[in-house]
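As structure tokens, the structure follows; a few thoughts come after it.
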Amino acid sequence: LLADDGPSATAGRTVPVFAAGGIGLGGAGGGGGGGGAPNGGAELGALLRPERRDALAAFTRGRQAVDVLAQYPVRADAQAWLAVVPRLRPRLYSISSSPLVDPASVSLTVSVVRFAGQSGRSRKGVCSTYLADAVPGESVPVFVQRAPHFRPPADDTTPMIMIGPGTGVAPFLGFLQERQARGASGRTWLFFGERHRATDFHYAEELTALLDMGTLTRLDVAFSRDQPSDGQAGRVHVQDRMREHAAELWSWLDDGAHLYVCGDASRMARDVDATLRAIVAEHGNLSPEDAAAHVRRLAAERRYVRDVY
């Protein structure tokens, strides 16, 4: 039921999984769940009903297992806990560098999770703070998770469209380094989004340099909290930038571009996919059904590849 890595984690999203040739950090341990106050079982059970999905998301936001146990105490022996408490899973991070630039090192992009729990007690992400607080030079156990399909096109002349808000930009920095090292001539277009330009523009200097050198052909950004707006409706996200430049995006796809998406699966990837289908329908003069089929063909041809978590 509960995730243990941050205030935005919800059921089914305990582990951020990247498919892009990544690094996994392993460990053992666990979290737990519970119910048991006078009407605790009934209250928690009600949250699992399909029609209470929004209520479940609101309940799990910011709560860890220990918070639930404090609210709904449970008495059980050690063997009973072992039956329901899973081992801590590895955290997988995209590699944000190319071995053609430095074969002796690997770069990662990690957003450090620290927040106040339901009781006001300080909470932290298990792996992100482990890395952030590690002593320089400390050894960290890692393994490589291969992802043979999430990589730049084999043909260096093929256009490449990358959509990576937040830390989803990580693999695309590696893609661009790879293309620069190979002297690739194919056009590249990056959509990046975050909350605030001043504090959240990851790799701003590196991306600007790549843009100036011509390795990155185009960069479109969306900083959702920098917009003068009244609530969610006025916020600008990467899918809004896609719609603004829909005709050109369709032209790139029509010219054989490969499209990559990396980042949040629960909302961003879904919204980007819906926007892509709408663009294909409008500018390809296709019905919604034919547009959906066209997008499926792109995916089957590995010209539309997603690495979402």
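The values are calculated or read from the model by the stated rules, or taken from the named source; none is laboratory data. This structure is a prediction, so every number in the text was calculated from the model and none was measured. Here the Cβ is made from the backbone with ideal geometry for all residues, glycine too, and neighbour counts use every protein chain on show.
On the basis of being among the β-branched types (Val, Ile, Thr) and closer than 19 Å to LEU219 by Cα, does VAL238 make the cut?
Details: among the β-branched types (Val, Ile, Thr): yes; closer than 19 Å to LEU219 by Cα: yes.
Yes.
Take the conditions touching a Gly at 6+ places or on another chain (Cβ under 6 Å) and of a type in the set (Ser, Thr, Tyr) and apply them to THR217. Does it pass?
Details: touching a Gly at 6+ places or on another chain (Cβ under 6 Å): no; of a type in the set (Ser, Thr, Tyr): yes.
Judged against the criteria, THR217 is not a match.
What pairs come out if I take residues in the range 285-309 that are in contact (Cβ under 8 Å) with a residue 12 or more places away in the chain and pair them with residues that are among the hydrophobic types (A, V, I, L, M, F, W, C) and assigned to a loop (DSSP other than H, G, I, E, B) whose C-beta lies under 6 Å away, six or more apart or interchain?
VAL305/PHE150; ASP307/PHE18; ASP307/ALA19; ASP307/ALA20; ASP307/PHE150; VAL308/ALA265; TYR309/VAL17; TYR309/ALA265
Among the candidates ALA184, ALA209, which residue alone is under 25 Å from VAL101 (Cα atoms) and either assigned to a helix (DSSP H, G or I) or basic (Lys, Arg) (or both)? Outline the logic, then answer.
Values: ALA184 fails: either assigned to a helix (DSSP H, G or I) or basic (Lys, Arg) (or both).
After applying the criteria, what remains is ALA209.
Outside any helix (DSSP H, G or I), more than 16 Å from the chain's Cα centre (by Cα), crowded, with 21+ Cβ neighbours inside 10 Å and hydrophobic (A, V, I, L, M, F, W, C): which single residue out of LEU216, LEU276 fits that description? Lay out the reasoning, then the answer.
Details: LEU276 fails: outside any helix (DSSP H, G or I).
Within the list LEU216, LEU276, the selection yields LEU216.
Being closer than 18 Å to THR109 by Cβ and exposed (fewer than 13 other Cβ atoms within 10 Å of the Cβ) is the filter here, so list the residues in the range 173-196 that pass it.
Residue satisfying the conditions is HIS196 alone.
When you scan the range 294-301, do you find a residue that is among the basic types (Lys, Arg) and more than 23 Å from GLU194 (Cα to Cα), even just one?
Residues of the range 294-301 among the basic types (Lys, Arg): 296-297.
Still in the list and also more than 23 Å from GLU194 (Cα to Cα): 296-297.
The answer is yes; a qualifying residue exists.
Checking VAL236 against (1) in a helix (DSSP H, G or I); (2) in contact with a Ser or Thr (Cβ under 7 Å, 6 or more places away or on another chain): exactly one of these is not met. Which one?
(1)
In the range 124-148, what residues are within 21 Å of ARG87 (Cβ to Cβ) and without any contact (Cβ under 8 Å) to a residue 60 or more places away in the chain? Can you show your working first?
Narrowing the range 124-148 to residues within 21 Å of ARG87 (Cβ to Cβ): 124-131, 140-145.
Residues satisfying the conditions are LYS124, THR129.
Considering only helices (runs of 4 or more DSSP H) fully contained in the range 53-104, which possess at least 1 residues that are of a type in the set (Gly, Ala, Ser), under 29 Å from ARG179 (Cβ atoms) and over 26 Å from the mean Cα position of the chain (by Cα)? Explain how you work it out, then say what you get.
Numbers: elements: 53-60, 65-71, 78-84.
Of the helices (runs of 4 or more DSSP H) lying wholly inside the range 53-104, none has at least 1 residues that are of a type in the set (Gly, Ala, Ser), under 29 Å from ARG179 (Cβ atoms) and over 26 Å from the mean Cα position of the chain (by Cα).
Hey, among the residues in the range 249-260 that are part of a helix (DSSP H, G or I) and within 25 Å of the chain's Cα centre (by Cα), which one's nearest to GLU194 (Cα to Cα)?
As a first pass, look at the range 249-260 and keep what is part of a helix (DSSP H, G or I): 249-254.
Okay, now just the ones that are also within 25 Å of the chain's Cα centre (by Cα), so 249-250, 252-253.
Details: LEU249: 21, TRP250: 24, TRP252: 24, LEU253: 25 Å.
Going through the qualifying residues, I end up with LEU249.
Which pairs turn up if I take residues in the range 91-104 that are among the charged types (D, E, K, R) and look for partners that are modelled with pLDDT under 95 and surrounded by 14 or more Cβ atoms within 10 Å (Cβ to Cβ) with beta carbon separation below 6 Å, at least 6 apart in sequence or on another chain?
Pairs found: ARG91/LEU25; ARG91/CYS127.
Any chance you could count how many residues in the range 22-52 are in a helix (DSSP H, G or I), in contact with a helix residue (DSSP H, G or I) (Cβ under 9 Å, 6 or more places away or on another chain) and at pLDDT below 85?
So the first thing to find is which residues in the range 22-52 are in a helix (DSSP H, G or I), and the list is 40-47, 50-52.
After this cut, where a residue has to be in contact with a helix residue (DSSP H, G or I) (Cβ under 9 Å, 6 or more places away or on another chain) as well, the list is 40, 44, 46-47, 52.
In the following step, the residues that additionally are at pLDDT below 85 were identified as 40.
The number of residues fulfilling the criteria is 1.
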